[in-house]
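I have placed the structure first, in the form of structure tokens, so that the comments after it can refer back to it.
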Amino acid sequence: MVKINFLLKEGDSSYPEVAVESLWASPCDGGAFKIDNIPFFVRGVSCGDIINAELDKTGNLYYKKHVFYSKHSTFRVVFFDEKSIPFTRQKLKVMGCSSELSHNSKLIAIDTPSNVVVQKIVSFLAEGEQNGEWEYEEASVW
């Protein structure tokens, strides 16, 4: 496993400003890399995507371009009450999604595989937002 750095543009995220997000990836044939965790800030990238990266002068890998889109969708949720996070993550798991908890204890990132009906996830997230439980964002939706 290696870390691939993604430069973030100003305004890419409504979360605390960061200039770079690092994602774990597995080396693939031809020098490509398969993303192996869920992004918290970068848009347009999902778990399972295959990308090309290049080394900078300090030996760090930086995203260059996509080779293949996994067609997984990525969502992010900021909770108003972190006590509801475990229940929500379990419900998402039952719906076929995986999730990761951020260092920010109120933020999760959600991976929705291509075999899960995205509209069901969107409806669930929209309902929670309408009920004042959280705010969510669609970071990469297929």
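Figures for the structure shown
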item	result
Count - residues of the range 113-140 that are under 13 Å from His72 (Cβ atoms) and surrounded by 14 or more Cβ atoms within 10 Å (Cβ to Cβ)	7
Which numbered condition Phe33 fails, given (1) closer than 24 Å to Val18 by Cβ; (2) buried (at least 16 other Cβ atoms within 10 Å of the Cβ); (3) out of contact with any Asp or Glu (no Cβ under 6 Å at 6 or more places or on another chain); (4) outside the structural domain of Ala19 (by TED's automatic domain parsing)	(4)
Some residue of the range 89-109 being in contact (Cβ under 8 Å) with a residue 60 or more places away in the chain and more than 18 Å from Glu138 (Cβ to Cβ)	yes
Answer from Gly128, Gly132 - the residue that is part of a loop (DSSP other than H, G, I, E, B) and either farther than 23 Å from Asn5 by Cα or acidic (Asp, Glu) (or both)	Gly132
All positions within the range 50-75 that are outside any strand (DSSP E or B), on the phi < 0 side of the Ramachandran plot and either at pLDDT below 95 or surrounded by fewer than 23 Cβ atoms within 10 Å (Cβ to Cβ) (or both)	Asp56, Lys57, Thr58, Asn60, Tyr69, Ser70
Hey, Ser46 out of contact with any helix residue (DSSP H, G or I) (no Cβ under 7 Å at 6 or more places or on another chain) and not assigned by TED's automatic domain parsing to the domain that holds Leu101 or not	yes
Any chance Ile110 is crowded, with 18+ Cβ neighbours inside 10 Å, in a strand (DSSP E or B) and either at positive phi or in contact with a strand residue (DSSP E or B) (Cβ under 6 Å, 6 or more places away or on another chain) (or both)	yes
Test: residue in the range 67-78 that is farther than 25 Å from Glu129 by Cβ and without any contact (Cβ under 8 Å) to a residue 40 or more places away in the chain	yes
Flag for Ala25 being in a strand (DSSP E or B), among the aliphatic types (A, V, I, L, M), more than 22 Å from Trp142 (Cα to Cα) and not assigned by TED's automatic domain parsing to the domain that holds Val117	no
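The values are calculated or read from the model by the stated rules, or taken from the named source; none is laboratory data. Model, not experiment: these values are computed from the prediction. In this analysis, Cβ positions are derived from the backbone assuming ideal geometry, glycine residues included, and neighbour counts consider all displayed protein chains.
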